[in-house]
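Please read the structure below before turning to the comments.
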Amino acid sequence: MKFFPLLWATLWRRKPRTIFTMLSIVVAFLLFGLLQAVNVAFSQGVEMSGADRLITHGKYSFTEILPYGHYQQIRSVPGVDKVSHATWFGGRYQSEANFFPIMPIDQDTYYDVYPEFVVADDQVAAFKRERTSCIVGRGLMEKFGWKIGDTIPIQATIWPKKGGSNAWEFQLVGVMDARDETMKGQENFMVFRWDYFDEARAFGQGTVGWYNVKVANPADAETVGRSIDKLFANSPKETLTETDKAFNAAFLKQFGDIQFLIASIIGASFFSLIIITGNTMMQSVRERVPELAVLKTIGFRDGGVLALVLAESALLCLIAAVIGVLLSTFASGFLKPFLPGLEVNANVWMLALGAALGLALLVGAIPSLRAMRLNIVNALSGH
Amino acid sequence: MAETLIALDRISKHYVRGKEKIEVLHELSLGIEQGDFLALMGPSGSGKTTLLNLIGGLDQPSAGTITVSGQRIDTLSGGRLAQWRARNVGFVFQFYNLLPVLTAAQNVELPLLLTNLSKSERARRVQIALTVVGLEDRAKHKPSELSGGQAQRVAIARALVADPTLLVCDEPTGDLDRKTADEVLGLLQTLNREHGKTLIMVTHDPRAAEYARHQLHMDKGRLIEAGAQA
């Protein structure tokens, strides 16, 4: 701590340069925080996947629809506890921007297989009673200002109605919450009844998107999955059964390899940051050669001078990184309604601080080594 | 008779520039007593700054031995030598070499950062050092807010603050006008006479050298003449 005033004063030796360098680091870490928060949002669903759940979908693609007839056969497989199904509907509410997952589901079994989503009993009863009803996540309800009893118009993008219209309407009868606080945001989708969907759609009757299978014993999940697929081997609709986690991860790849994209963007921004900050540190040390020589003259050891320059680099990077990640925390709060689950959590903070320290080491290494190797006599005489 | 503080025995110093070997000091022997104020004089390139650097532990001789307070410093490693400098030597340079981003007090405190003294003790010693050089009211000023003479006095306070045995001054008045130079030299003389500090000063200026107890003249890496004065 006794060296802090020296470090602090040195850091602000050239205020405009320090401020601009800091700004570039702040922006990079703002981006880092936000992209990591997006990563958290996308991976949350994968991480929360149930260990006792399997997804059975088309062998060659999960966009391949399966016959409803598979339902009873899957139920009969030993080790299967419960079976439900869902179908990807697509669709938009009012405009393209208002996208959220919409799925026709089996109203009798869906919430048995997904107990992590909670709906009031009377609302589930209403859902089972009303064929054109729907249930939405609480976040969506609050975002769009819906109330129970509202009619929600949805524009289909995959499934037109008989007669060719894409306009579907559903009565809101229930609201879904995540049982666990850590899953908050995952409930933000809409479900409606598959029987109504199957009856009203223009094509594809008697099919579902995939089956959700709850196994009696999670340890048997793999065996059960193989048994299900064996059941439909060599049939026109072969299946692939995988864990909920693997399915969710594959589903996210529809949007591109999120982690790769994020790593690429962060990598590019950090690469330019290393050059900018490294140049600043080099300049800073170059113009302080006589001052560093004085420190060595009065007794600072080589290692001490090296540590001072590295600490200065760390101070610069850490302050800017903390500001950047704080800004991304505020920004993610504003953006959360548009991307549920968006969160700058403790892991993101740890990653950011680690990255800041790594950056400090990288950009401080060469200047600090140069400072350490400084020959006092030459430096004092201006050579 | 005063005790010998610094003993240089047949020291030589050469530099190699390309294929050329440049001999700066040639088998020079010298004894400096405790409490002396020695002025090293000579033309540019005579080796006086090199000699000062060797005595101050900033450089190592190519041959010969340097003993200060009974300790051989020519054999010390870089780290040990840095430690020795911190404990035993105060440096004053021609251009003050203060850190421009620090206040006068923070500049003076620098050598104390290498000690285990508490913050309050460091502050107390800084206050004393600034008082000795007559700048206690300039503690919070940055070097850019000080005159040349004041800046040099801050540099002297920095050299003094850790209470070293030896003060090494390289042209301490080379950048000052006559009047200010006399004030600074008077201060150095006081430090020698009243505080018992041993001073070695390199100077081109015969008037500055008159403040010293002894003068040594150098030329081409050799001592050519010694003189004592009152």
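Scan region A:178-193 for residues that are open to solvent by 30 Å² or more (accessible area, probe 1.4 Å) and over 13 Å from A:Val118 (Cα atoms) and jot them down. Passing the criteria: only A:Thr182. Please verify whether A:Leu252 is open to solvent by less than 40 Å² (accessible area, probe 1.4 Å), modelled with pLDDT under 85, touching a Ser or Thr at 6+ places or on another chain (Cβ under 9 Å) and among the aliphatic types (A, V, I, L, M), treating the condition exactly as stated. Judged against the criteria, A:Leu252 is a match. Keeping to region B:22-54, report how many residues are open to solvent by 10 Å² or more (accessible area, probe 1.4 Å), part of a strand (DSSP E or B) and closer than 17 Å to A:Val377 by Cβ. Counting residues in region B:22-54 that are open to solvent by 10 Å² or more (accessible area, probe 1.4 Å), part of a strand (DSSP E or B) and closer than 17 Å to A:Val377 by Cβ gives 3. In region A:224-241, the residue that is most open to solvent (accessible area, probe 1.4 Å) out of those that are assigned to a helix (DSSP H, G or I) and free of Cβ contacts under 8 Å to residues at least 60 places away in the same chain is A:Lys230.
To keep it simple, each residue is scored yes or no on (1) open to solvent by 40 Å² or more (accessible area, probe 1.4 Å); (2) within 14 Å of chain B (Cβ to nearest Cβ); (3) in a helix (DSSP H, G or I).
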{"site": "A:Ala263", "(1), (2), (3)": "yes, no, yes"}
{"site": "A:Ser269", "(1), (2), (3)": "no, no, yes"}
{"site": "A:Ser272", "(1), (2), (3)": "yes, no, yes"}
{"site": "A:Thr280", "(1), (2), (3)": "no, no, yes"}
{"site": "A:Gly304", "(1), (2), (3)": "no, yes, yes"}
{"site": "A:Ala311", "(1), (2), (3)": "no, yes, yes"}
{"site": "A:Leu318", "(1), (2), (3)": "yes, no, yes"}
{"site": "A:Val322", "(1), (2), (3)": "yes, no, yes"}
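Of B:Leu51, B:Leu30, all but one fail to be more than 13 Å from chain A (Cβ to nearest Cβ) and not hydroxyl-bearing (Ser, Thr, Tyr); the exception is B:Leu30. Within region A:195-211, restricting attention to residues that are open to solvent by less than 40 Å² (accessible area, probe 1.4 Å) and of a type in the set (A, V, I, L, M), the residue that is nearest to A:Gln155 (Cα to Cα) is A:Ala200.
Restricting region A:32-55 to residues that are modelled with pLDDT of 85 or more and open to solvent by 20 Å² or more (accessible area, probe 1.4 Å) leaves a set whose member that is farthest from A:Arg75 (Cα to Cα) is A:Leu34.
Take the conditions (1) free of Cβ contacts under 8 Å to residues at least 24 places away in the same chain; (2) part of a loop (DSSP other than H, G, I, E, B); (3) out of contact with any strand residue (DSSP E or B) (no Cβ under 9 Å at 6 or more places or on another chain); B:Gln60 misses just one of them, which is (3).
Put simply, of B:Gln106, B:Gln189, B:Gln127 the only residue that is polar (S, T, N, Q), closer than 25 Å to B:Asp36 by Cβ and surrounded by fewer than 21 Cβ atoms within 10 Å (Cβ to Cβ) is B:Gln189. Across region B:73-84, not a single residue is classified as on the phi > 0 side of the Ramachandran plot, at pLDDT below 95, within 18 Å of the chain's Cα centre (by Cα) and of a type outside the set (A, V, I, L, M, F, W, C). Within region A:76-83, at least one residue is touching a Lys or Arg at 6+ places or on another chain (Cβ under 6 Å), surrounded by fewer than 22 Cβ atoms within 10 Å (Cβ to Cβ) and under 19 Å from A:Glu222 (Cα atoms). Listed by position, the helices (runs of 4 or more DSSP H) enclosed by region A:1-120 that each have at least 2 residues that are closer than 26 Å to A:Glu199 by Cα and in contact (Cβ under 8 Å) with a residue 24 or more places away in the chain are A:70-75, A:110-113.
Candidates B:Glu194, B:Glu145, B:Glu121: the one that is open to solvent by 40 Å² or more (accessible area, probe 1.4 Å) and within 22 Å of B:Leu5 (Cα to Cα) is B:Glu194.
Residues that are closer than 23 Å to A:Asn39 by Cβ, at pLDDT 90 or above and either open to solvent by less than 20 Å² (accessible area, probe 1.4 Å) or not in a helix (DSSP H, G or I) (or both) do not occur anywhere in region A:363-380.
Identify the residue in region B:73-121 that is within 8 Å of another protein chain (Cβ to nearest Cβ) and charged (D, E, K, R) and, among all such residues, is nearest to B:His204 (Cα to Cα). Selected residue: B:Arg85.
The values are calculated or read from the model by the stated rules, or taken from the named source; none is laboratory data. Predicted, not measured: the structure shown is a model, and the values here were computed from it. Neighbour counts are summed over all protein chains in view; Cβ atoms, including those assigned to glycine, are modelled from backbone coordinates with ideal geometry. The accessibility values were calculated without ligands, DNA or RNA, using every heavy atom of the protein model including side chains. Shrake-Rupley method; radii C 1.70, N 1.55, O 1.52, S 1.80 Å.
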